[in-house]
């Protein structure tokens, strides 16, 4: 039932976005949402960009069910044409859990916050790919239910390949230091890739996947996939909607749906 609701929301978002009339824009903002992989472009010196939304995830383990809702938010502050500072968090989360023994329970709380930077080695265009790097550090932060007990972080190399005038590929690869539910720290390899299709000057469709190995200190790999749309209402304003699911591993959601907005100042 949740999957049907998520697909319906995405299709509804697509129909709304596709029905909006807007002129073609040059020098559009290039948000890192939606999708799993991040791009190599920076926002530019003196620019500030807010990328936020609402995401809901559903999980099931036997008779135990969980619904998690949170507000993924990324703040990007341009330093110059190659550097930007980043503050990122899922901000505030609402969790609903149910099982036959304990019934239904609810919890709310704040999520960990990361401080990071992105460096653009080379901007992409029709003749050459774009390359960059993103480094994030998560100090110990967040509430007891959703927070961490020690510092974590990750580092990724990111790229943008313009395959032709319609198709583009955006791969990421990196490493992370994470914390599991028991407070144990472990290392993991990261990979993500987004394949995008520019249906028009404003409408962009995508499919992507993300992998983390290991997903827990003594666990295997997790893999998620999703698909969605992004629509530019103006050079500085983008709307998006997406749905996805976990296809491998113990920790990914069974299904998730997200909608958001990105604004450049």
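The values are calculated or read from the model by the stated rules, or taken from the named source; none is laboratory data. Please read all numbers here as calculations on a predicted model, not as lab measurements. Please note: Cβ atoms are built from the backbone with ideal geometry, for glycine as well, and neighbour counts cover all protein chains shown.
Within 28 Å of residue 77 (Cα to Cα), touching a helix residue (DSSP H, G or I) at 6+ places or on another chain (Cβ under 9 Å) and modelled with pLDDT of 95 or more: is that true of residue 190 in this structure? Break it down into steps so the answer makes sense when it comes.
Values: within 28 Å of residue 77 (Cα to Cα): yes; touching a helix residue (DSSP H, G or I) at 6+ places or on another chain (Cβ under 9 Å): no; modelled with pLDDT of 95 or more: yes.
Judged against the criteria, residue 190 is not a match.
Among the residues of region 247-259, which ones are surrounded by fewer than 21 Cβ atoms within 10 Å (Cβ to Cβ), over 13 Å from residue 34 (Cα atoms) and in contact with a strand residue (DSSP E or B) (Cβ under 6 Å, 6 or more places away or on another chain)? Of everything in region 247-259, those that are surrounded by fewer than 21 Cβ atoms within 10 Å (Cβ to Cβ), over 13 Å from residue 34 (Cα atoms) and in contact with a strand residue (DSSP E or B) (Cβ under 6 Å, 6 or more places away or on another chain) turn out to be 247, 248, 249, 251, 253, 254.
Tell me whether region 26-49 contains one or more residues that are assigned to a strand (DSSP E or B) and modelled with pLDDT of 95 or more. Can you show your working first?
Our first condition is that a residue be assigned to a strand (DSSP E or B); within region 26-49, this holds for 48-49.
Then drop every residue that is not modelled with pLDDT of 95 or more, which leaves 48-49.
Yes; the residues of region 26-49 include at least one that is assigned to a strand (DSSP E or B) and modelled with pLDDT of 95 or more.
Within the set 229, 261, 247, the sole residue that is in a strand (DSSP E or B) and touching a helix residue (DSSP H, G or I) at 6+ places or on another chain (Cβ under 8 Å) turns out to be 229. Of all residues in region 181-205, those that are at positive phi and touching a residue at least 12 places away in the same chain (Cβ under 8 Å) have Cβ atoms under 7 Å from Cβ atoms of residues that are surrounded by 13 or more Cβ atoms within 10 Å (Cβ to Cβ) and assigned to a loop (DSSP other than H, G, I, E, B), 6 or more apart or on another chain, in 183/149.
Would you point out the residue of region 198-226, among those that are part of a strand (DSSP E or B) and over 18 Å from the mean Cα position of the chain (by Cα), that is surrounded by the fewest Cβ atoms within 10 Å (Cβ to Cβ)? Can you show your working first?
If we filter region 198-226 for residues that are part of a strand (DSSP E or B), which is where we start, we get 198, 203-213, 221-226.
Of the ones still in play, those that are also over 18 Å from the mean Cα position of the chain (by Cα) are 198, 203, 221.
On the way: 198: 16, 203: 17, 221: 14.
Ranking the candidates gives 221 first.
The test for being over 19 Å from residue 55 (Cα atoms), modelled with pLDDT of 95 or more and assigned to a strand (DSSP E or B) does not hold for residue 241.
Can you name every residue in region 53-65 that is in a strand (DSSP E or B) and either touching a residue at least 24 places away in the same chain (Cβ under 8 Å) or under 20 Å from residue 154 (Cβ atoms) (or both)?
Initial filter on region 53-65 (in a strand (DSSP E or B)): 53-61, 64-65.
Within region 53-65, 53, 54, 55, 56, 57, 58, 59, 60, 64, 65 qualify.
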